[in-house]
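Participant: Submitted below is the structure of interest, expressed as structure tokens.
No lab work stands behind these numbers, since they all come straight from the coordinates. Remember, predicted model here, so these are calculated numbers, not experimental data. Glycine also receives a Cβ, built like all others from the backbone with ideal geometry; neighbour counts cover every protein chain displayed.
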Amino acid sequence: MTQRTLAIIKPDAVAKNVTGKIIARVEDVGFTIVAAKMIHMTDAQARGFYIVHKERPFYASLCAFMTQGPCMPMVLEADGAIQKWRDLMGATNPANAAPGTIRKDFASSIEANAVHGSDAPETAAFEIPYFFASLELCPR
Ligand code: ADP
Ligand code: MG
């Protein structure tokens with residue numbers, strides 16, 4: 001089933017100049033990039049995006065990290081896009097990420113872990129319109 005997921009190339013990966021390498025992996029495994037843009041989030045925007053984590057001890061630090069520089073949200077489309085992108089990202093903690101995953105190769109720490117991906121259809125349904133209006137999505 002064709003599905004969409006919200007991916008973000010996080011500020012650590014943008015700062016390392018590896019956006020192109022990450023996008024190449026996205027295309028190589030067959031995703032269609034339906035939308036993409038570079039943004040620099042405010043604290044309020046990061047807090048809203050990660051609202052599900054507001055009770056977690058790392059919430060404030062995570063929001064500070066996500067606002068330290070630009071990031072690149074994208075909408076990716078594929079059969080089973082949500083799980084397919086999570087598989088390509090690898091485990092949250094790069095120490096546990098499988099060889100060949102983006103986090104294994106580009107993440108610096110459990111927090112500065114290079115990429116984000118929606119974890120369920122309901123999450124994608126919140127996250128995609130958080131960053132993109134319908135007019136910014138380019139299906140083909
Ligand atoms: P994922 O991004 O793999 O879905 P989570 O949803 O659990 O992981 O966490 C959201 C983000 O919060 C992670 O990608 C990471 O940037 C950060 N994070 C998660 N756990 C920790 C932690 N223990 N310490 C610091 N930051 C964390
Ligand atoms: Mg998550």
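Participant: What order do you get for Tyr50, Tyr130 when you list them from fewest to most C-beta neighbours inside 10 Å?
Facilitator: Fewest-to-most Cβ neighbours within 10 Å comes out as Tyr130, Tyr50.
Participant: Provide the FRET efficiency to the nearest 0.05 for the Asp87-Ala125 pair, computing r from the beta carbons and using R0 = 30 Å.
Facilitator: Efficiency computed from Cβ-Cβ geometry: 0.90.
Participant: In the chain, which whole DSSP H runs stretch at least 15 Å along their own axis (Cα) and average -0.5 or higher on the Kyte-Doolittle scale?
Facilitator: Qualifying helices: 121-131.
Participant: Can you pull the Kirkwood radius for the chain, inverse mean 1/r over Cα pairs, to one decimal in Å?
Facilitator: One decimal place: 15.0 Å for the Kirkwood radius.
Participant: Show me the trypsin sites (Lys or Arg not before Pro) within the stretch 34-63 that DSSP assigns to loop and that have at most 14 other Cβ atoms within 10 Å of their Cβ.
Facilitator: Those satisfying the criteria are Lys37, Lys54.
Participant: Take the alpha-carbon centre of the stretch 48-83, take the same for the stretch 85-140, and report the distance between them in whole Å.
Facilitator: Between the Cα centre of the stretch 48-83 and that of the stretch 85-140, the gap is 8 Å.
Participant: Still on this structure, please answer the following. Give me the one-decimal nm value for the distance between modelled label points at Ile51 and Ile33, 7 Å along each residue's Cα-to-Cβ direction.
Facilitator: So the label points at Ile51 and Ile33 sit 2.9 nm apart.
Participant: Report the full-extension gain for the segment Tyr59 to Glu136: residue separation times 0.36 nm, less the Cα-Cα distance, to one decimal in nm.
Facilitator: 24.8 nm
Participant: What Kirkwood hydrodynamic radius do you get for the stretch 87-139 when you take the inverse of the mean 1/r over all pairs of distinct Cα atoms, in Å?
Facilitator: Evaluated over the stretch 87-139, this radius sits at 12.4 Å.
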